[in-house]
1. With a point put 7 Å past each Cα toward its Cβ, work out how far residue B:27 is from residue A:275 in nm, to one decimal.
2. Return a whole-number percent for the relative contact order of segment A:4-224, with Cα pairs under 8 Å and 6 or more residues apart as the contact set.
3. Return a whole-number percent for the relative contact order of chain B, with Cα pairs under 8 Å and 6 or more residues apart as the contact set.
4. How tilted is helix A:168-183 with respect to the longest principal axis of chain A? Cα atoms for both, answer in degrees (0 to 90, nearest 10).
5. Shape verdict for segment A:228-286, please, from the Cα gyration tensor: rounded (a/c under 1.5), prolate (a/b greater than b/c) or oblate.
6. In the protein assembly as shown, what % of DSSP beta bridges are antiparallel (nearest 5)?
7. Taking R0 as 30 Å, what's the FRET efficiency between residue A:184 and residue A:29 from their Cβ-Cβ distance, rounded to 0.05?
8. Share of antiparallel DSSP beta bridges in chain A, in percent to the nearest 5?
């Protein structure tokens with residue numbers, strides 16, 4: 001799909017888009033690129049503007065300012081929408097139609113849909129094709145929505161909170177389906193407020209809070225931007241001395257112990273041990289992406305308050 | 001995915017989408033007893049009660065007259081409920097959003113709903129015809145049977161437009177209530193249950209504001225049983241009414257499009 005030359009070219013773009021609902025600015029001059037073949041996670045707390053961003057890309061919401069492009073076209077164009085599939089939050093499938101009928105109807109909108117068997121298999125609905133939609137469990141209905149998103153064999157998939165409300169096992173099932181889609185070369189935009197989900201699936205994470213991008217990068221980079229480690233130990237070294245070491249962000253005296261915050265604790269500790277071999281009561285605590293995320297959104301809130 | 005670039009979307013594909021959408025709509029409606037049964041049963045039941053059982057024996061004029069009036073009553077139901085409640089529910093359940101994101105011509109969705117309303121209208125009309133001919137002694141020249149059926153089936157379109165205007169403006173629960181509040185009183189006040197000639201003068205005058213009255217008169221004019229008012233007036237009223245409803249619907253649609 002496409003040649004190597006345009007691999008890095010964005011296939012979907014939000015350019016400085018603002019969207020307001022009454023007095024609330026849901027999305028604030030937000031820019032976003034989706035590149036071919038990547039899994040992009042939009043991560044943020046509830047109400048951060050993730051779903052609005054997706055809705056803007058899908059023409060379900062209209063921007064007050066800024067521009068939206070899907071494959072170089074307006075998302076309003078049927079030609080653009082033929083190349084995407086979307087799993088929307090809160091869609092309640094019902095009625096007396098059967099699973100295979102619902103999928104066949106959706107597949108028929110596309111030029112080159114997946115076969116029914118393939119769709120059912122990828123979505124984990126094998127053997128349920130003759131079941132009336134009303135008789136599906138909540139998790140199965142979610143899988144059917146997922147099936148409707150993927151059945152068109154689209155290059156770009158939007159999955160808005162695909163695993164919300166699912167148990168751990170069902171969530172893992174979704175993850176492996178999403179990984180399979182990525183292996184097939186599809187681009188995926190995933191919104192989630194589960195950090196572990198973004199960490200497990202995404203090539204790139206964009207952290208959104210209050211309608212703005214507050215961080216973007218690979219999961220590792222996101223962790224690194226704020227994933228500071230805490231080194232706590234008792235040492236005869238002075239605060240000022242440690243502060244001069246590379247990679248140290250801050251040093252605090254906590255009683256007789258020092259609390260050193262650093263991006264790469266290994267090199268800091270190496271230097272410290274060279275200077276004070278008697279250093280003791282050592283404790284290094286890591287930051288998971290969870291903490292990074294909280295740190296990011298907290299900082300953002302503090303800035304807002306200031 | 002490579003073949004996607006080679007294969008082109010053709011008008012045949014578009015036609016297929018329209019037909020499949022209508023077929024899907026057909027099956028979901030047929031399997032929904034809460035819609036299909038009352039839509040078919042109420043006009044049939046009313047026709048049997050008022051047109052056949054109440055009518056004087058040996059006089060087929062009541063049974064014939066009520067083919068026009070209860071035919072009009074009957075075809076309004078699927079149009080008003082199919083669009084009014086159907087669209088409101090689809091919107092509330094996020095089905096409309098799914099359709100909007102899908103590469104589906106927006107008209108295909110409306111076409112499917114309208115086709116369904118007209119198909120139901122046809123079935124209702126045929127049931128009434130069979131009952132009227134067999135048990136009411138209604139005898140019409142063949143051309144008039146055809147003309148009445150076509151009038152009523154096409155006549156459901158203004159009510160599709162009215163249903164659409166309601167369905168795009170209010171929620172699912174409210175729409176059912178509002179449609180019932182429109183459907184039943186308007187049918188009575190338009191003289192579809194009891195002929196207007198039996199009603200007080202002011203009610204006869206009031207009837208002129210309702211689209212059901214105008215379609216009823218067109219249907220009765222096929223049977224040469226209309227009140228003598230001008231055919232063209234009814235036609236113009238229904239055309240203007242449809243345009244006004246579609247204009248309101250378009251306003252609702254614009255509002256919905258931007259979530």
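A short reminder: the numbers here are calculations on the coordinates, not readings from a lab. Everything quoted here is computed from the prediction, not taken from an experiment. Glycine also receives a Cβ, built like all others from the backbone with ideal geometry; neighbour counts cover every protein chain displayed.
1. About 7.5 nm separates the two model spin labels.
2. Details: 441 pairs, mean separation 63.1, N = 221.
Relative contact order for segment A:4-224 comes out at 29 percent.
3. On the way: 317 pairs, mean separation 63.6, N = 259.
For chain B, the relative contact order is 25 percent.
4. Rounded to the nearest ten degrees, it is 80.
5. Details: a/c = 1.23, a/b = 1.13, b/c = 1.09.
Because its axes are fairly even, with a/c under 1.5, segment A:228-286 counts as rounded.
6. Values: 35 of 53 bridges.
Of the beta bridges lying entirely in the protein assembly as shown, close to 65 percent run antiparallel.
7. On the way: r = 34 Å, r/R0 = 1.14.
Once rounded, the FRET efficiency stands at 0.30.
8. Values: 35 of 53 bridges.
Roughly 65 percent of the DSSP beta bridges within chain A come out antiparallel.
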